1. Roughly what would the spin-label model give for Thr121 and Thr36, points 7 Å off Cα along C-beta, in nm?
2. With every protein chain left in place and a probe of 1.4 Å, what is the accessible surface of Ser123, to the nearest 10 Å²?
3. If the only charges are +1 at each Lys and Arg Cβ and -1 at each Asp and Glu Cβ, what is the size of the charge dipole of the chain around the Cα centre, to the nearest 20 debye?
4. Relative contact order of region 1-130: what whole-number percent is it, with Cα pairs under 8 angstrom and at least 6 residues apart?
5. Counting each DSSP H run of 4 or more residues in the chain as -39500 (n - 2.57), what helix-only mean residue ellipticity at 222 nm follows after dividing by all residues, to the nearest 500 deg cm²/dmol?
6. For region 1-55, what % of the accessible area comes from carbon and sulfur atoms, probe 1.4 Å?
7. Give the Kirkwood hydrodynamic radius (Å, one decimal) of the chain, defined as one over the mean of 1/r across all pairs of different Cα atoms.
8. Could you compute the FRET efficiency for Arg107 and Tyr82, with r as their C-beta to C-beta distance and R0 at 41 Å, rounded to 0.05?
Amino acid sequence: TPLAKALGWPALDLTRFAGLRGDPRMLAAFLALAWTSAAIGEEFLFRGFLLSRIETLLGGGRIVTAIAIVVQAALFGAGHAYLGVRGMATAALVGIVFGSGFVLNGRNLVPVMLAHGLTDTVSLVALFAASRPA
């Protein structure tokens, strides 16, 4: 949020989550989707598959791994276009963190899946409670 404010970025577009406020059924549905599609699915796709395929395509090595982390993060950010420019930038930064964590943790997807699921859970619960995540 401080970086977004300093750069004059617009607020996150959270209109798709408007019905979530105070609706426990919708919260449960979004949480199920977040843990299956996002935490597990996106981590398999972006970190588990794309990152390593980009490395293979470019020939491997530390510089190539760094490039692969940035490329998969940019694609991850683009996949969050429904959140607007700020949401895409935020997702891309999260993609760099998750990609780096994946590589630094011996390419183990479980920790990044848990981090992704917990991040989404905190955000969804905040929206449910009519608050905005920091």
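1. Here the modelled spin labels are 1.7 nm apart.
2. Looks like 40 Å² after rounding.
3. Values: 10 positive and 6 negative charges, 32 e Å.
It comes to approximately 160 debye.
4. Values: 124 pairs, mean separation 47.3, N = 130.
With pairs under 8 Å counted, the relative contact order is 36 percent.
5. On the way: 6 runs with 81 residues, N = 134.
Per the formula, -19500 deg cm²/dmol.
6. Working: 2330 of 3450 Å².
Percent of accessible area from carbon and sulfur atoms in region 1-55: 67.
7. Values: mean 1/r = 0.0642 Å⁻¹.
Kirkwood radius, the chain: 15.6 Å.
8. On the way: r = 29 Å, r/R0 = 0.71.
That gives a FRET efficiency of 0.90.
The values are calculated or read from the model by the stated rules, or taken from the named source; none is laboratory data. In this text, all values refer to a predicted model and were calculated from it rather than measured experimentally. Cβ sites come from the backbone with ideal geometry, for glycine too, and all protein chains shown count toward neighbours. Ligands, DNA and RNA are excluded from the accessible area calculation, which covers all protein heavy atoms including side chains. Shrake-Rupley method; radii C 1.70, N 1.55, O 1.52, S 1.80 Å.
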